[in-house]
Structures are given as structure tokens and as C-alpha cells.
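J.: One structure, pasted below without further comment.
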Amino acid sequence: MHQHFTISPEEMVRAKWPHEIFLINLVFNHILVFASTFGVFSTFPLMVLIVPITSFVITGYIVIKAKQIAKSDETWFVKSHWIIADKRNSHFMKLLTITCAVIGIGLFLSKMMGWSKITTIALLGGVGMLPFMVSLLVLIVLGNDSMYQARHGKLPKRFVEQNPDQSNSVTSV
């Protein structure tokens with residue numbers, strides 16, 4: 001369930017921004033850029049590193065910006081959307097770190113143990129990439145829902161109960 005708030009069009013734009021950045025990272029970087037860099041993997045194997053490096057930069061930006069917004073005089077509604085995006089972003093950053101570690105350790109082990117290319121790809125794809133991609137799809141759905149909520153002046157009811165507006169500057173409808 002959601003709680004609806006009356007917000008200005010400017011607030012709506014500022015509340016959507018963290019979700020838009022997050023979705024750009026997920027959809028553009030982790031799906032489109034990854035697919036294109038994976039296509040040239042045999043020629044330029046290090047090109048695939050563009051995806052996690054770019055992702056860490058974007059997630060770092062969201063973390064820093066969320067802290068700045070929390071300390072600013074921004075409206076409670078906008079701050080709330082930054083908090084939501086920051087929490088999802090933090091979960092994603094942990095997931096990305098674990099995935100990079102699993103892939104790195106897997107590649108190291110495959111070299112040390114002399115695994116075949118097919119065995120390495122199957123193991124790393126199934127253990128490392130598959131859980132990451134499923135989580136990525138779930139986060140894309142959640143990010144799209146948050147964008148919808150920001151556009152329509154909504155916040156999750158549970159979030160509002162746990163983080164009430166201290167200033168009462170936003171009118172609940």
C-alpha cells in the first residue's frame with residue numbers, strides 16, 4: 001500500500017532523480033553495456049571491466065548525493081525518495097561486490113586448477129552471474145515502481161510509518 005502526498009512538479013522531478021540514476025546503472029550499464037562488451041570479450045577481455053567500474057562510480061555518486069540531500073533543506077518527500085534509492089543502491093553495491101569477488105575467485109581457481117573454458121563459463125555463469133541477474137531484474141522492477149510513486153506523489157505506507165515527516169510540510173491526502 002501507498003500513501004499519497006500533494007507535491008509540486010519541481011518536487012516530483014527531484015524525487016524521481018535518484019531512481020532514474022539507479023535505473024540508468026541497472027538497465028543501461030548492466031544490460032546494454034555488458035552485452036556489448038561481452039560481444040568483444042575474445043578480442044578485448046578487459047573491456048568487460050567497464051561495467052563494474054562504471055557501476056561502482058554511479059553507486060558511489062548515489063551514496064554521496066543521498067548524504068548531501070539528507071543534510072540539506074530539501075523537502076521530506078524528496079529526502080524520502082533519496083533514502084529509498086540509497087537503501088536499494090547499498091544492497092546493489094553489496095551484491096555487485098560479492099559477484100565481482102565470486103567471478104574473480106572463480107577465474108583464479110580456473111587458472112590454478114586448469115579447468116576448461118566451458119567448465120569455467122558454466123560455473124561462473126551459474127554461480128556468479130545468474131543470481132546477480134535475477135536480483136538485477138527484481139531491482140529494475142522496484143526502481144520502476146519507485147519512479148511511478150515519485151511521479152504520482154506516493155510513498156510506501158510502511159516507509160511513512162517508520163519515517164514520519166517531522167516538519168509536516170507535506171500534506172497527506
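J.: Among all the lysines, which ones have a C-alpha under 25 Å from LYS67's C-alpha, if same-chain residues fewer than 8 places away are not counted?
T.: LYS16, LYS79, LYS87, LYS94, LYS154, LYS157
J.: For every helix of n ≥ 4 consecutive DSSP H residues, a contribution of -39,500 (n - 2.57) applies; sum these over the chain, divide by its total residues, and give [θ] at 222 nm rounded to the nearest 500 deg cm²/dmol. Write out the running numbers ahead of the final one.
T.: Values: 7 runs with 116 residues, N = 173.
That calculation yields -22500 deg cm²/dmol at 222 nm.
J.: Just the accessible area per residue of the stretch 27-173, please: how many Å² with a 1.4 Å probe?
T.: 61
J.: Would you look at the GNM of the chain, springs on alpha carbons closer than 10 Å, and say which of GLN162, GLN149, GLN68 moves the most?
T.: So, out of GLN162, GLN149, GLN68, the one fluctuating most is GLN162.
J.: For HIS2, list long-range residues whose amide hydrogen, built 1.01 Å from N in the peptide plane, is under 5 Å from its own amide hydrogen.
T.: Amide H neighbours of HIS2: LYS157.
J.: Could you give the size of the charge dipole of the chain about its Cα centre, using +1 on the Cβ of each K and R and -1 on the Cβ of each D and E, expressed in debye and rounded to the nearest 20? Before the final figure, lay out the partial values.
T.: Working: 15 positive and 9 negative charges, 70 e Å.
Once rounded to the nearest 20, the dipole reads 340 debye.
J.: Treating the angle as unsigned and between 0 and 90°, give the value, to the nearest 10°, between the Cα long axis of helix 9-23 and the longest Cα principal axis of the chain.
T.: 10
J.: Taking the Kirkwood radius as the inverse of the mean 1/r across Cα pairs, report the Rg/Rh of the chain.
T.: Numbers: Rg = 19.3 Å, Rh = 17.8 Å.
My calculation puts Rg/Rh at 1.09.
J.: Under a 10 Å cutoff between Cα atoms, tell me which one of PRO45, PRO156, PRO18 has the largest fluctuation in the Gaussian network model of the chain.
T.: PRO45
J.: Return P(r) of the stretch 1-99 (all Cα-Cα pairs; 5 Å bins starting at 0; whole %; ordered from short to long distances).
T.: 2, 12, 20, 20, 15, 12, 8, 5, 3, 1, 0
J.: Further question: Using the charge dipole of the stretch 42-173 (Lys, Arg: +1 at Cβ; Asp, Glu: -1 at Cβ; taken about the Cα centre), state which of ILE118, ASN163, LEU139 has its Cα farthest towards the positive end.
T.: Farthest along the dipole direction, towards plus: ILE118.
J.: A further question follows. Give me the extension gain from LEU32 to GLN166: residue separation times 0.36 nm, minus the current Cα-Cα distance, reported in nm with one decimal.
T.: Values: separation 134, 0.36 × 134 = 48.24 nm, distance 4.13 nm.
That works out to 44.1 nm of additional length.
J.: State, to one decimal in nm, how far the label point of GLU20 lies from the label point of GLN3, with both points 7 Å from Cα in the Cβ direction.
T.: 2.7
J.: Which angle from 0 to 90°, rounded to the nearest 10, does the C-alpha axis of helix 50-71 make with the longest principal axis of the chain?
T.: With rounding to tens, the tilt is 20 degrees.
J.: Cut-off 10 angstrom, C-alpha nodes, Gaussian network model of the chain. Which of ILE84, ILE50, ILE24 fluctuates the most?
T.: Per the Cα network of the chain with a 10 Å cutoff, ILE50 tops the list.
J.: List, in order, the whole-Hz ³J(HN,Hα) value for each residue of the stretch 110-123 obtained from phi through the Karplus relation with A = 6.51, B = -1.76, C = 1.60 and θ = phi - 60°; use x for Gly and Pro.
T.: So the Karplus estimates, Gly and Pro as x, are 5, 5, 5, 9, x, 5, 6, 4, 5, 4, 4, 5, 5, 5 Hz.
J.: Can you list residues whose amide H is under 5 Å from LYS154's amide H, if they're 5+ apart or on another chain and H is modeled 1.01 Å from N?
T.: Sorted by chain and number, the residues that satisfy this are PHE5.
J.: Taking all protein chains in place and a 1.4 Å probe, what share, in percent, of the accessible surface of the chain do carbon and sulfur account for? Walk me through the numbers before you get to the answer.
T.: Working: 7260 of 10260 Å².
About 71 percent, which is the carbon plus sulfur part of the accessible surface.
The values are calculated or read from the model by the stated rules, or taken from the named source; none is laboratory data. A quick note: this is a predicted structure, and the numbers were derived from the prediction, not measured. Using ideal geometry, Cβ is built from the backbone for each residue, glycine included, and neighbour counts are taken over all protein chains shown. The protein model used for the area step is the full one, side chains on, heavy atoms only, and it has no ligands, DNA or RNA in it. Shrake-Rupley method; radii C 1.70, N 1.55, O 1.52, S 1.80 Å.
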